[in-house]
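Working notes, structure below.
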Amino acid sequence: MNVMRFLGYPIGRVLAWVALCLPILSLTVSGMPPTPQERFLTDSEIVSTLRALRSEMLDLLSQVAGKGATLSRLNRRRMDFESYQRAFESYSAKIEDCYRRLADCYEQINRVYRTNPNSPLYKQMVKTYLDTKSVFDNLKSTFSALDPPEQTINEAVVSNDRRLNERVAASVRTAAIPSAPVEAAKEIIDADDSRFIGTFDAVEMFLLVRGDSACYVLFGWKEVVDDENGKSTEEYHLSVVRSELFPWTPEVRTMSPEQHLENALKLKIAMVEAQGEMLTDLKQFFARAKSYSRTN
């Protein structure tokens, strides 16, 4: 556009166009060039397209942020690793598509500015675009805060260390282990975060975080029994045991599996009452947590 023609426009329209041009810069730095429009939209179609896109992105934002009752929201703790990976990639593709469509609308408004700057809908186009761009920025920022699938894999151990199993077995056999509160099983499933530490002899150890506190959950143990012929056999029990709470500190975050074992052996433990459907829910929860770990 030649300078004299540019200076001839009302200052309000120039400022509005500057406001429109600046936000698009943050889109183009992502390296995804706008796709060319297949056809020119009418002025009213540009506005309605932007409104529909804004509504679609708000719904996507609620899913990514885990708000509302939508079943399709992205929630790492409610999904196994492969399901989370598929969902993450699906949301990534949808957000990229939203970017392209938003960039297409920008190109359409740019065309209107060059060919019909006196359109009565021009100001409305600009305002609707900026509102939609704001939602896109929020959506992109919220999604960027999620852990990419490749960063959710933890290292876990398989150890022959019997101390944990012996402690749980002895506590159960002698009835020396108290019962945890009745809501303990649900609190395990609803914890803020979970991590599989590893398998120590027959005991699977999980680290759970709730607010500023953490605890260990131990699933399964075995005992050696002699049958009537004096033959020793191993019996496995699918009991759930929870440790007492301890502070969730930076030091705990960086502990190795072996250090977690030593820490767990120092803590008091309690039996979690879980039967039927609740025990099934707990086993599914443990299976999901394990799917995010690699064992040595």
Does any residue of segment 245-266 turn out to be aromatic (F, W, Y), surrounded by fewer than 21 Cβ atoms within 10 Å (Cβ to Cβ) and modelled with pLDDT of 95 or more?
yes
With the checklist (1) at pLDDT below 90; (2) more than 30 Å from A191 (Cα to Cα); (3) not in a loop (DSSP other than H, G, I, E, B) in hand, flag the one item R77 doesn't pass.
(2)
When residues of segment 224-243 are limited to those that are free of Cβ contacts under 8 Å to residues at least 60 places away in the same chain and within 22 Å of K290 (Cα to Cα), the one surrounded by the fewest Cβ atoms within 10 Å (Cβ to Cβ):
Y236
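Got at least one residue in segment 88-109 being farther than 26 Å from F143 by Cβ and at pLDDT 90 or above? Walk me through how you get there before you give the answer.
Step one: filter segment 88-109 for residues farther than 26 Å from F143 by Cβ, giving none.
No, segment 88-109 has no match at all.
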Within segment 27-74, residues being of a type in the set (V, I, T), at pLDDT 75 or above and in a loop (DSSP other than H, G, I, E, B) number 1
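The rows are residues; the columns are (1) closer than 20 Å to D80 by Cα; (2) in contact (Cβ under 8 Å) with a residue 60 or more places away in the chain; (3) out of contact with any strand residue (DSSP E or B) (no Cβ under 8 Å at 6 or more places or on another chain); (4) β-branched (V, I, T).
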position	(1), (2), (3), (4)
F206	yes, yes, no, no
G211	no, no, yes, no
K222	no, no, no, no
L245	no, no, no, no
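Let me confirm something: among A103, A145, A87, which residue is free of Cβ contacts under 8 Å to residues at least 60 places away in the same chain and either touching a Leu at 6+ places or on another chain (Cβ under 6 Å) or under 16 Å from S48 (Cα atoms) (or both)?
Residue meeting the stated conditions: A87.
The values are calculated or read from the model by the stated rules, or taken from the named source; none is laboratory data. Note that the coordinates shown come from a computational prediction; the quantities given were computed from them, not determined experimentally. Cβ sites come from the backbone with ideal geometry, for glycine too, and all protein chains shown count toward neighbours.
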